[in-house]
Amino acid sequence: MREFNTTGTCVKSRHYMVDTSEKIEKIIKLIEREKYFTINRPRQYGKTTSLSLLRRQLSEKYLVLSLSFEGVDKKSYANSAAFIKMLYGRMKQQLQHLNEKSLLLLVEEMKHLEIFDELDEFITTFINACDKEVILMIDECDDGSNNDVFLKFLGVLRKKYLLRTDDLDVTFKSIILAGVHDIKSLKYKIRVDDEEKTNSPWNIAENFNIDMSFDEVEIGSMLVDYLSENSGVQMDIPLIAKKIHYFTNGYPFLVSYLCKMIDEEFEGDDKWQIHHLEQAVNELLLIKTTNFDSLIKNIENHEDLGNLVRLILIEGKDIPYSISGPAMEKGLMYGVLARSNDNKFMIHNRIYEMKIYSYLMDKMRTENVKLLDLQPFAQYINDDGSLNMTLILEKYTQYLKDLYDDKQNDFIENNARLLFSIFIKSIINGTGFMYREPVISDRRRLDVIITYNKFKYIIELKIWNGEVYYKKAQGQLADYLEREQLEVGYMIVHDFRKIQHQRFTDETLTVGDKELKVYFV
């Protein structure tokens with residue numbers, strides 16, 4: 001029986017897999033046009049699996065040298081001789097696997113090479129000895145990407161590529177480098193006519209614009225693959241695929257992890273239901289994974305990226321999409337940020353949003369223990385298992401008003417959304433599920449969706465920005481309630497004007513056939 005895979009390369013005989021044939025065909029077209037390129041995508045984004053699929057499809061027509069620099073010792077980057085020796089070991093291992101006996105004898109010559117000019121000549125000899133065109137793939141290039149020896153190796157490949165264009169040399173038909181960082185943007189010093197100039201050793205590379213994330217149809221193809229071995233399972237594939245994409249934005253690791261959790265941790269043929277998926281999301285957020293560790297580490301280790309994330313996630317700022325700033329570039333490279341449909345920056349996916357949000361909440365609680373000593377209260381839960389949302393919001397607004405009385409205005413203004421999330425989480429933790437729903441056309445609004453024992457609640461958080469804006473928000477919330485088939489919605493208005501202008505009178509409104517309960521703080 002196969003399984004959903006969240007570690008290492010996916011193999012069809014062992015794992016349920018997404019049908020990525022269209023992406024693979026696009027990559028093959030680049031190879032057939034003799035392009036050199038870099039597949040730079042975040043960790044656990046399917047790079048290694050894609051290279052494996054490419055190798056299998058190309059191996060009949062081409063000689064594919066599929067190498068990996070994972071685990072390369074730093075000593076291998078000490079000088080050219082050490083690097084060539086490492087390269088020799090990996091090429092030898094690959095040729096042994098391919099049972100290329102004549103080429104194995106030839107590659108033994110690499111043991112005696114010490115400088116890159118000699119490697120240059122050897123590559124020419126090697127290519128001429130092959131009866132097929134040769135494709136070179138190198139996975140996990142990141143460890144060497146900031147090393148001058150590795151960059152000089154790329155310089156050799158670049159030189160041969162340019163000479164091939166003028167029919168003055170022979171070299172690899174296509175080269176694919178894979179890693180998190182964009183090798184194309186790296187710089188090193190090269191000599192041109194006895195003058196040192198800074199250049200990129202990989203500026204020959206074609207831009208790689210193929211979307212490696214999974215869309216709803218592709219996610220559905222993996223679910224179809226799953227049902228082929230689990231015929232008794234009941235599943236609305238389009239609905240589940242759409243909801244998985246909703247939470248993951250197609251991030252391959254997250255897609256596979258959610259599917260794995262549902263398959264392995266729930267029982268019954270009807271376990272593929274929306275509430276099971278939401279429960280899996282909730283459980284995933286509590287699990288320690290290297291993916292989440294990397295997410296938080298990248299935010300913490302890069303202050304500019306952390307500030308940008310807070311602007312987008314907490315303050316709801318509109319940041320136009322551009323890769324000209326270093327923080328933006330890091331966010332895209334590490335998979336923290338993505339481009340929205342309206343050409344703005346967004347947190348890559350809703351699971352990342354919730355994970356970062358949870359991290360910031362926990363961080364705030366430890367730094368403000370006295371202010372945030374909140375405990376769950378049984379009276380917030382009704383006899384039927386629903387939340388007494390009216391009591392919860394009354395309690396919350398009173399809590400904030402008390403903070404105002406304690407002269408904690410700045411603290412509230414800077415952390416209003418986090419404070420609300422912390423308060424709610426202290427009540428629903430373990431049973432309920434909370435996520436944010438940003439409204440694309442109006443980023444100053446933020447809808448929070450709460451599900452608790454299959455009950456759903458929509459709470460809109462907004463900052464007072466005038467009566468016209470307030471009226472508009474009422475209509476938007478009512479429309480959203482209609483789409484979600486709910487009769488009652490809630491709104492919390494944070495009014496940060498001076499006390500004499502603040503509007504602390506709560507009110508209940510009727511908009512169309514929807515009831516809106518509004519709380520002013």
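The values are calculated or read from the model by the stated rules, or taken from the named source; none is laboratory data. All values derive from a computational prediction rather than experimental measurement. Note that each Cβ is placed from the backbone with ideal geometry, even for glycine, and that neighbours are counted across all protein chains shown. Note: areas computed on protein heavy atoms with side chains; ligands, DNA, RNA excluded. Shrake-Rupley method; radii C 1.70, N 1.55, O 1.52, S 1.80 Å.
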Which one is farthest from the chain's Cα centre (by Cα) among residues in the stretch 459-498 that are within 25 Å of residue 391 (Cβ to Cβ) and polar (S, T, N, Q)?
474
In the stretch 477-517, residue surrounded by the most Cβ atoms within 10 Å (Cβ to Cβ) [restricted to those that are in a loop (DSSP other than H, G, I, E, B) and modelled with pLDDT of 90 or more]
486
Index of the failed condition, residue 459 passing every other in (1) among the β-branched types (Val, Ile, Thr); (2) open to solvent by 20 Å² or more (accessible area, probe 1.4 Å); (3) at pLDDT 90 or above:
(2)
Checking residue 257 against (1) without any contact (Cβ under 8 Å) to a residue 40 or more places away in the chain; (2) open to solvent by 20 Å² or more (accessible area, probe 1.4 Å), only one condition comes out false. Which one?
(1)
Considering the stretch 288-309, residues that are open to solvent by 50 Å² or more (accessible area, probe 1.4 Å) and not acidic (Asp, Glu), and then whichever is nearest to residue 454 (Cα to Cα), we arrive at 288
Check 148, 142, 167 and return the single one that is of a type in the set (D, E, K, R), modelled with pLDDT under 95 and at positive phi.
167
Within the stretch 419-435, is there a residue that is modelled with pLDDT of 80 or more, over 21 Å from residue 395 (Cβ atoms) and either open to solvent by 20 Å² or more (accessible area, probe 1.4 Å) or not in a helix (DSSP H, G or I) (or both)?
no
Looking at (1) touching a Lys or Arg at 6+ places or on another chain (Cβ under 8 Å); (2) over 30 Å from residue 295 (Cβ atoms); (3) assigned to a helix (DSSP H, G or I), which one does residue 61 not meet, given that it meets all the others?
(3)
Only residues that are in contact with a strand residue (DSSP E or B) (Cβ under 9 Å, 6 or more places away or on another chain), aliphatic (A, V, I, L, M) and under 23 Å from residue 234 (Cβ atoms): list them for the stretch 258-309, please.
262, 281
May I ask you to list pairs of residues, at least six apart or on different chains, whose Cβ atoms are under 6 Å apart, with the first in the stretch 116-142 being under 17 Å from residue 67 (Cα atoms) and the second being among the charged types (D, E, K, R)?
133/173; 135/173; 140/70
Are there any pairs, at least 6 apart or on different chains, whose C-beta atoms fall under 8 Å, with the first in the stretch 212-236 and farther than 15 Å from residue 4 by Cα and β-branched (Val, Ile, Thr) and the second modelled with pLDDT of 95 or more and surrounded by 15 or more Cβ atoms within 10 Å (Cβ to Cβ), and if so, which?
217/241; 233/226; 233/227; 233/271; 233/272
Which of the residues spanning the stretch 261-281 are open to solvent by 10 Å² or more (accessible area, probe 1.4 Å), touching a residue at least 24 places away in the same chain (Cβ under 8 Å) and touching a helix residue (DSSP H, G or I) at 6+ places or on another chain (Cβ under 9 Å)?
263, 270, 271, 274, 278, 279
For the stretch 52-75, check the following and say yes or no: at least one residue is more than 31 Å from the chain's Cα centre (by Cα) and either β-branched (Val, Ile, Thr) or over 28 Å from residue 210 (Cα atoms) (or both).
yes
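Is one or more of the residues making up the stretch 326-334 under 18 Å from residue 46 (Cα atoms), open to solvent by less than 70 Å² (accessible area, probe 1.4 Å), under 17 Å from the mean Cα position of the chain (by Cα) and without any contact (Cβ under 8 Å) to a residue 24 or more places away in the chain? Give the steps one after another, and end with the answer.
Residues of the stretch 326-334 that are under 18 Å from residue 46 (Cα atoms), as a first pass: 332-334.
Pick out the ones that are also open to solvent by less than 70 Å² (accessible area, probe 1.4 Å) and you get 332-334.
Still in the list and also under 17 Å from the mean Cα position of the chain (by Cα): 332-334.
Pick out the ones that are also without any contact (Cβ under 8 Å) to a residue 24 or more places away in the chain and you get 332.
Scanning the stretch 326-334 turns up at least one residue that is under 18 Å from residue 46 (Cα atoms), open to solvent by less than 70 Å² (accessible area, probe 1.4 Å), under 17 Å from the mean Cα position of the chain (by Cα) and without any contact (Cβ under 8 Å) to a residue 24 or more places away in the chain.
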Residue list for the stretch 76-110, filter: at pLDDT below 95 and touching a helix residue (DSSP H, G or I) at 6+ places or on another chain (Cβ under 6 Å):
76, 77
